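Participant: First the structure, which I've put down as structure tokens, then a few questions once you've had a look.
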């Protein structure tokens with residue numbers, strides 16, 4: 001146990017406030033994300049998937065670092081950072097947003113939380129948006145403060161998550177609507193609770209506001225969840241890809257624009273608001289896109305694990321794109337994938353060739369998401 005606790009590559013990769021608890025509860029593998037360790041393996045990824053969709057799992061996602069924006073001009077500044085119109089964003093509400101550069105390339109796709117009139121958090125995917133935001137602030141002429149606060153989220157996801165939350169916080173927590181937040185305490189531990197998550201399942205994110213209480217909070221939740229068969233877990237690549245949820249650096253990067261991903265709804269060109277990249281995004285829309293994200297069904301033996309490289313895609317021996325995320329879904333009993341391909345080849349039903357491990361396999365373009373396309377599970381009224 002002592003050897004596991006001392007696992008690491010040095011102090012430049014940070015451990016989360018829940019690190020010791022995740023090791024105690026069976027984490028056997030970690031990756032690095034936002035300069036931190038994230039648990040990636042509790043023994044069986046398929047069992048982790050079934051625990052998520054049938055029961056509930058608790059995941060350490062402290063790697064979702066927060067960029068906190070405060071000050072008299074915080075609202076103006078956050079609107080400058082994102083092309084999504086925030087004029088109807090209420091205090092206590094969350095929004096899925098994009099951060100783009102001046103050329104319209106995606107830098108990240110965080111969840112934005114509004115805690116006050118001029119108090120915001122950006123809950124990040126894998127990126128250095130803190131540095132970007134601080135750089136934009138310097139030349140913005142706006143009175144804002146941009147910092148990384150002492151905030152570390154957990155995800156409690158799955159059909160039993162609402163029962164566990166009710167046991168922890170009382171019946172009133174069931175009134176919390178999808179993509180809204182609430183500031184609460186649990187036995188003196190300061191928290192922000194949002195009905196969000198990276199699973200496409202019913203779930204909550206629990207933002208710890210005091211890093212010294214990490215292991216205490218983890219144990220309280222696991223103890224309370226025991227009667228509801230709560231399991232320690234990790235974010236599920238299977239469920240993420242079923243739901244066609246983006247993983248930054250895999251399915252999107254600085255060379256990807258929102259229109260290629262079908263995220264037009266997150267770009268507000270027809271408003272008076274000013275944001276970084278607006279002119280470039282307007283030109284991209286006017287000129288049209290040359291490639292597009294699609295779903296694929298891969299015709300091969302069940303994949304043993306998600307892809308760790310981009311697989312080239314061909315049509316008539318011409319390279320037309322790449323597979324960005326692929327996995328075997330035990331529920332659908334199919335190999336499913338997200339891919340970025342030439343728009344001329346993006347028609348549903350088109351059959352393509354994918355180069356995988358020095359061999360060619362057939363792939364068919366299909367609609368995405370692959371499961372629950374209307375997100376009825378995640379958005380269900382409790």
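Participant: How big is the Cα convex hull of the stretch 239-382 in projection, averaged over all directions, in nm²?
Facilitator: Dividing the Cα hull surface by four gives the mean projection, 10.7 nm².
Participant: With n ≥ 4 as the cut-off for DSSP H runs, can you work out [θ] at 222 nm for the chain, using -39500 (n - 2.57) per run divided by the number of residues, rounded to the nearest 500?
Facilitator: Per the formula, -5500 deg cm²/dmol.
Participant: Highest mean first, how do 259-268, 354-363 rank when packing is the count of other Cβ atoms within 10 Å averaged over residues?
Facilitator: Packing order, densest peptide first, comes out as 259-268, 354-363.
Participant: Please compute, for the alpha-carbon atoms of the stretch 1-152, the extent along each of the three principal axes and give them in descending order in Å.
Facilitator: Here the spans come out as 52, 37, 30 Å, largest first.
Participant: Next up: How would 58, 246 line up from fewest to most surrounding beta-carbon atoms within 10 angstrom?
Facilitator: Going from least to most buried by this count: 246, 58.
Participant: Give or take rounding to whole Å, what are the principal axis extents of the alpha carbon atoms in the stretch 105-165, in descending order?
Facilitator: Principal axes ranked by extent give 47, 28, 19 Å for the Cα atoms.
Quick note: the coordinates plus some simple rules give every number you see, no bench work behind them. From a predicted model like this one, the values you see are computed outputs, not experimental measurements. Please note: Cβ atoms are built from the backbone with ideal geometry, for glycine as well, and neighbour counts cover all protein chains shown.
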